[in-house]
Amino acid sequence: MRDRPLILGGLIVFLALVTFPVWYNAAAGTSSRPPQLKLPAGQKECVAPVAFMKTSHMQLLIDWREGAVRNNVRTFTAYNGKTYNVSLTNTCLDCHGVQARAGQADFCGRCHDYAGVTPKCWNCHNDRPRN
Amino acid sequence: MFMFEQAVVGSRRYWAWVLCLLAVIGLGFLLYLQQLSYGLGITGMSRDVTWGLYIAQFTFLVGVAASAVMVVLPYYLHDYKAFGRITILGEFLAISAVTMCMLFVFVDMGQPARALNIMLYPTPNSIMFWDFVSLGGYLLLNAVIALVTLSAEHKSVPPPAWIKPVILLSIPWAISIHTVTAFLYSGLPGRSFWLTAILAPRFLASAFAAGPALLILLCMIMRRMKAFDPGPEAVRKLAVIVTYAMILNVFFLLMELFTAFYSQIPEHTEHFRYMFVGLEGHRALVGWEWASVLLAAASLLLLIVPRLRRNEKVLAAACVVTFLSLWIDKGVCLVVCGFIPSPVGAVTEYAPTLPELGITLAIWAIGCLMVTVFYKIALSVREGLAASAVH
Amino acid sequence: MTRKGFLGVTGISAAVLAARKLRSVFAASGPAASPPVRWAMVIDTQKCLKKAGCIDCIAACHKVHNVPEIKDRAHEIKWVWKEPFKQAFPAQETAYTEEAYKGKPFPVLCNHCDNPPCVRVCPTKATWKREDGLVMMDWHRCIGCRYCMAACPYGSRSFNWVDPRPHLRRIDIEFPTRTKGVVEKCTFCAERLARGQAPACVQACKEQKALVFGNLADPDSDVSRLVRSRFTLRRKPGLGTNPEVYYIIG
């Protein structure tokens with residue numbers, strides 16, 4: 001068993017790599033507790049049922065985007081009969097961003113940090129912080 | 001993978017060369033990361049000259065890729081035996097060149113993360129879509145052909161019968177890739193420099209001169225290194241192909257000049273004027289284009305006189321000047337001059353920046369590396385056969 | 001309700017609503033249910049030239065669309081700008097036009113061609129022609145290949161060679177900025193037309209009324225009357241692109 005040191009060494013490197021995210025998070029002090037979201041005060045409802053929004057807001061946004069940019073559909077009638085202007089900044093963030101002090105970072109961003117996604121929308125779409 | 005073990009054994013000289021190439025590639029990769037974070041503003045391109053060295057290299061290399069047909073066609077269609085030993089080299093050269101083409105298009109993209117959109121939203125009215133289809137198909141065809149024929153050789157059996165139609169298909173396909181690449185340019189209403197029916201024939205002529213010239217040089221290098229000898233007959237025949245193609249290429253260019261300058265339509269003469277004498281005091285490419293012209297003249301002289309062409313040393317020089325002349329003409333001037341002057345008459349000059357040159361060099365290094373490795377594999381297979389025949 | 005079902009219902013209702021809104025916008029132009037629309041612009045250059053040095057249209061457009069002001073000419077971005085006569089109308093100048101129009105540039109912008117070469121060449125349909133004639137940009141789809149810029153005979157397209165945001169003095173948060181690596185150009189203010197507003201440049205030119213915008217498919221619109229009653233030029237008419245921006249010169 002002359003190979004033993006090699007095998008053991010390999011195993012250790014492998015384990016270190018596999019468990020890296022755990023160590024990394026422990027060192028960085030990030031927690032696995034769900035994020036605390038600041039919801040818009042004085043507003044009761046989102047543009048769709050909240051359960052739907054939690055799971056499928058990205059699809060809704062894609063539909064809004066395709067609708068507005070490609071098919072010139074720029075108003076949206078919600079499930080509760082209200083109509084909204086189709087706009088990421090001017091509608092979603094007008095409600096969500098203004099309430100949360102830091103604009104999208106305090107609402108969308110918190111959740112995305114937690115979920116580990118970084119939508120590139122903000123490279124172009126403007127944030128709407130409270131001023 | 002099979003036969004790839006041949007790529008990791010080699011002499012010290014082989015490894016020194018490979019490491020050299022890897023260093024250039026690594027440096028280019030770092031520069032590309034910089035381009036990714038800063039944007040294409042890191043290059044010398046501008047609002048007026050929107051395509052530069054990258055797309056020009058792409059255009060030139062599509063020609064090199066297509067030129068494999070010049071060894072495949074005589075061998076498979078006319079049963080010209082002398083090319084039997086070099087078809088595989090032509091195919092590997094094509095694979096490397098197409099890969100470089102794709103890399104050049106990729107580094108030229110403003111949003112490389114969205115590259116797949118070309119496949120997600122296929123748009124048949126766009127020539128660029130067809131260019132992707134034809135280049136992808138050509139890469140696939142050549143990869144299959146090279147792999148199948150080489151592994152048959154490896155096992156000392158004749159290649160399977162089904163490969164023959166694939167090889168025959170690769171012949172018109174090779175013509176198509178360069179024709180479609182010419183169509184990228186020659187169908188644009190506002191760019192009179194490219195708006196000419198002779199662009200595709202000219203592309204093909206220059207390709208069939210530059211590609212075989214490169215192949216001759218590669219053969220000579222391999223012979224110097226005692227790795228491989230394609231035989232004098234094959235080289236001589238390739239030289240004839242280069243000669244005819246180069247004559248045609250120069251002839252086509254002269255036809256362009258006649259049409260532009262005899263008709264005296266300003267839109268048609270301006271670009272040539274910029275290229276040969278400069279416009280409004282801007283003359284950045286004048287030296288380059290004249291260098292290309294002089295090299296072409298030298299190339300014709302050395303190639304056309306049979307006594308000169310048959311001398312190996314002269315032929316080597318002729319191939320170098322041919323390749324350089326065509327590289328300057330197609331890999332620098334042809335694309336850039338189409339943008340100067342701009343459609344609203346602005347003369348904005350273009351010169352590549354250092355990062356742009358570094359990235360370009362790195363992609364050439366990738367191509368060199370691919371050629372090196374592929375040729376090593378092909379020749380090792382042959383050597384193995386020769387060795388086992390002796391035993 | 002499943003997600004798909006939900007989206008279906010909301011999508012249909014949105015489409016119905018949009019159709020209704022569209023009808024109300026164009027109700028004035030005819031009794032038909034969906035009258036044909038062909039947006040076009042007429043530029044009365046005499047009126048425009050009267051106010052020397054005016055850049056109201058450019059400023060308005062670039063402000064509402066967050067078009068950055070980049071000093072380096074190579075990386076410049078412009079949706080509306082001015083060109084001397086010779087550049088705007090090459091091959092239509094005489095030996096004397098330069099003198100006649102010295103220092104008097106003409107506003108130029110995307111021509112929203114009827115037969116746009118940029119649309120023909122785009123490999124992803126990121127730029128396409130809408131039924132009402134607008135040549136649109138989808139900034140979400142553009143891969144930044146710049147083929148459209150090579151195809152446009154009017155130099156109407158700009159590329160974001162660098163991140164535009166640091167070059168914006170102030171950002172109008174209503175309209176998205178762009179990011180490095182995408183092409184952009186005038187869209188005839190698609191987002192304002194959808195709200196029933198005139199394009200920003202037209203609105204900014206209220207005083208001079210040099211820019212007139214409207215529906216060419218409607219024979220009673222201002223633009224229709226102007227192109228019928230006045231002699232107009234279009235840029236590079238010989239290329240077959242059929243620009244929908246008309247210039248009254250004399």
Cα pair distances of chain B binned at 20 Å [whole percent]: 27, 58, 15, 0
Once you've got the Cα coordinates, tell me which of A:82/C:125; B:226/B:376; C:86/C:206; A:44/A:120 are over 22 Å apart. A:82/C:125; C:86/C:206; A:44/A:120
Alpha-carbon Debye profile of the stretch B:313-391, log10 I(q)/I(0) at 0.14, 0.15 Å⁻¹: -0.78, -0.84
Per residue, how much accessible surface does the protein assembly as shown expose to a 1.4 Å probe? Answer in Å², no decimals. 47 Å²
Going by a ≥ b ≥ c, the root eigenvalues of the Cα gyration tensor, does the stretch B:57-154 fall in the rounded group (a/c under 1.5), the prolate group (a/b larger than b/c) or the oblate group? prolate
Occluded residues from the stretch C:71-85, i.e. those whose accessible area drops by 50 Å² or more once the chain is not alone (1.4 Å probe): C:73
Taking chain C and dividing mean pair separation by its residue count, relative contact order in percent (alpha carbons under 8 Å, at least six apart): 29 percent
Using the crude model of +1 on Lys and Arg Cβ and -1 on Asp and Glu Cβ, and no other charge, please compute the dipole size for the protein assembly as shown relative to its Cα centre, in debye to 20. 1040 debye
Assuming a ≥ b ≥ c are the square roots of the Cα gyration tensor eigenvalues, decide whether the stretch C:39-248 counts as rounded (a/c under 1.5), prolate (otherwise, with a/b larger than b/c) or oblate. rounded
Provide the percentage of antiparallel DSSP beta bridges, counting only those with both residues in the stretch C:39-248; round to the nearest 5. 80 percent
Of the options C:34, C:116, C:167, report the single residue whose Cα projects farthest towards the positive end of the charge dipole of chain C (beta-carbon charges: Lys, Arg +1; Asp, Glu -1). C:167
Computed over the stretch A:50-124: relative contact order in percent, which uses C-alpha pairs under 8 Å that are six or more apart: 14 percent
Go through the stretch C:64-150 and name the GluC sites (Glu not before Pro) that are in a DSSP coil and have 10 or fewer other Cβ atoms within 10 Å of their Cβ. C:131
Where in chain B are the DSSP H helices whose C-alpha atoms run 18 Å or more along the long axis and whose mean Kyte hydropathy is at least 1.0? B:12-38, B:53-66, B:87-108, B:127-154, B:163-186, B:199-224, B:232-263, B:286-304, B:312-328, B:354-390
Place a point 7 Å from the Cα of residue B:236 in the direction of its beta carbon; the residues of the stretch B:68-91 whose amide N falls under 13 Å from it are B:82
Measure off 7 Å from each Cα along the Cα-to-Cβ vector at residue C:114 and residue A:114, then give the distance between these two points in nanometres to one decimal. 5.7 nm
Hey, got the average number of other protein chain Cβ atoms within 10 angstrom for residues in A:49-58? 1
Rounded to the nearest 0.05, what FRET efficiency is calculated for residue C:72 and residue B:20 with R0 set to 25 Å and r the Cβ-Cβ distance? 0.10
How high is the FRET efficiency between residue C:231 and residue B:264 when r is their beta carbon distance and R₀ equals 30 Å, given to the nearest 0.05? 0.55
Solvent-accessible area, 1.4 Å probe, carbon plus sulfur percent, for the protein assembly as shown: 65 percent
If you restrict to DSSP beta bridges whose two residues both lie in the protein assembly as shown, what percentage is antiparallel, to the nearest 5? 85 percent
Give me the number: length gained by fully extending residue B:78 to residue B:307, i.e. 0.36 nm times residue separation minus the C-alpha to C-alpha distance, one decimal in nm. 79.8 nm
Once every DSSP H run of n ≥ 4 in chain C is given -39500 (n - 2.57) and the sum is divided by its residues, what mean residue ellipticity at 222 nm do you get, rounded to the nearest 500 deg cm²/dmol? -7500 deg cm²/dmol
Interface burial for C against A (accessible surface, 1.4 Å probe, total of both chains, Å², rounded to 100): 2600 Å²
Placing each pseudo-label 7 Å from Cα in the direction of the beta carbon, residue B:314 and residue A:70 end up separated by a distance in nanometres of 6.3 nm
Just order C:165-174, C:188-197, B:154-163, A:44-53 by mean Cβ neighbour count inside 10 Å, highest at the front, would you? C:188-197, A:44-53, C:165-174, B:154-163
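The values are calculated or read from the model by the stated rules, or taken from the named source; none is laboratory data. What you see is a predicted model, and the numbers here were worked out from it, not measured in a lab. Here the Cβ is made from the backbone with ideal geometry for all residues, glycine too, and neighbour counts use every protein chain on show. Ligands, DNA and RNA are stripped out before the accessible areas are found, and what is left, the full protein with its side chains, is counted by its heavy atoms. Shrake-Rupley method; radii C 1.70, N 1.55, O 1.52, S 1.80 Å.
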